[in-house]
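Please read the structure below before turning to the comments.
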Amino acid sequence: MFNDSSQLRIIFAGTPEFAAQHLAVLKSAGHQLVGILTQPDRPAGRGKKLLASPVKQLALQYGLPLWQPSTLRDEALQEKLAALKPDIMIVVAYGLIVPPILLALPQFGCLNVHASLLPRWRGAAPIQRAILAGDAETGITLMRMEAGLDSGPILQQVTCPITEQTTTAELLRKLAQLGSTSLLQLLPRLAQQQVTAQPQPTTGITYADKIDKREAALDWQLPAIELARAVRAFIPWPLSYFELQGQRIKIWQAVACSQPVAALPKTILAADRQGIRVATGMGSLLLQQLQLPGKRPVSAHELLNAYRHWFSLGSTLI
């Protein structure tokens, strides 16, 4: 038993900014970070240059031991991690499967910070899927990892509301704060063996498939409320869009109106200071902030000043 959770020897595994925020909080709190795992550098941007993950950048800044394996099944790596004699392994949005031999390695097992209220939205994209589904709330689950996909017993959960204005970008920030705060609160209790893990319910299980870029194309046959959710779910990536005049126009802000309209989907109903209103399969969608290729996001009113001829009333988006 530990008198102080800062005595715990921690291996941290994570990749995106969401994970890096947890790593930063652990470091600031004085925890012993004996090893960091993150995914290999990936090509990014137009030039496809290799880009280090946010977790790697932070680990280098802190001078922490770092590994970037493409798999955790390598025996030589497993031996190196075992030599660190970790008390716990903390996994946050890592993206690689943790094999059973590593799950069993630390005294207190492997702890995962997951951005949903498990068992709802197991998998890769829980935040986006929660918004797309119209969930009224989501949250953070701290769980003890096991071989199944996000199926381990729950150590702690914290809820967070989802409003009709919430975007993925906003929810990522809120959940990163909730997750890191909850993690710091949980570690002392784990060190004192004061936490009892509860099995996940067997009902209410859903899966959050990885986001495909093709999902970002708006299907105007769908109800406006679903399209508005898609716009919010795909901020900051991959961004919802529609094609017009040979241009892919991305959407940063839009509002649904459920009032019935007597027009076919894609029909432009209004184009003024309020925005560009387009008929959908049910109701209409008011486009408020848009982005042309290679340009900055602007209000619909600004876009109309330069391209009003694209948005004639009664015409259709083609």
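General remarks:
- Of all residues making up region 150-160, the number that are in a loop (DSSP other than H, G, I, E, B) and either basic (Lys, Arg) or in contact (Cβ under 8 Å) with a residue 40 or more places away in the chain (or both): 3
- Every test in (1) over 22 Å from residue 135 (Cβ atoms); (2) surrounded by 13 or more Cβ atoms within 10 Å (Cβ to Cβ) is passed by residue 239 save one, and that test is (1).
- Residue, least open to solvent (accessible area, probe 1.4 Å), within region 275-318, restricted to residues that are assigned to a loop (DSSP other than H, G, I, E, B) and without any contact (Cβ under 8 Å) to a residue 12 or more places away in the chain: 294
- Counted residues, region 248-279 - those being over 21 Å from residue 167 (Cα atoms) and polar (S, T, N, Q): 2
- Considering 163, 138, the condition of being open to solvent by less than 30 Å² (accessible area, probe 1.4 Å), among the polar types (S, T, N, Q) and either free of Cβ contacts under 8 Å to residues at least 24 places away in the same chain or farther than 25 Å from residue 5 by Cβ (or both) is satisfied by 138 alone.
- Test: residue in region 62-74 that is touching a Leu at 6+ places or on another chain (Cβ under 8 Å), without any contact (Cβ under 8 Å) to a residue 24 or more places away in the chain, open to solvent by 50 Å² or more (accessible area, probe 1.4 Å) and farther than 25 Å from residue 186 by Cα: no
- The set of residues in region 166-200 being without any contact (Cβ under 8 Å) to a residue 24 or more places away in the chain and either of a type in the set (Val, Ile, Thr) or not in a helix (DSSP H, G or I) (or both) consists of 194, 196.
- Picking from residues in region 86-95 that are in a loop (DSSP other than H, G, I, E, B), modelled with pLDDT of 95 or more and out of contact with any Phe, Trp or Tyr (no Cβ under 6 Å at 6 or more places or on another chain), the one that is surrounded by the fewest Cβ atoms within 10 Å (Cβ to Cβ) is 94.
- Across region 153-172, a minimum of one residue is classified as among the small types (Gly, Ala, Ser), at pLDDT 95 or above, under 15 Å from the mean Cα position of the chain (by Cα) and closer than 22 Å to residue 238 by Cα.
- Filtered by the rule that a residue be among the charged types (D, E, K, R) and either outside any loop (DSSP other than H, G, I, E, B) or closer than 18 Å to residue 15 by Cβ (or both), region 100-145 gives 122, 129, 137, 144.
The values are calculated or read from the model by the stated rules, or taken from the named source; none is laboratory data. Computed from a prediction, not measured in an experiment: that's the story for all the values here. Here Cβ is always computed from backbone atoms with ideal geometry, including for glycine, and neighbour counts include all displayed protein chains. Quick note on the areas: whole protein, heavy atoms, side chains included, nothing else; ligands and nucleic acids left out. Shrake-Rupley method; radii C 1.70, N 1.55, O 1.52, S 1.80 Å.
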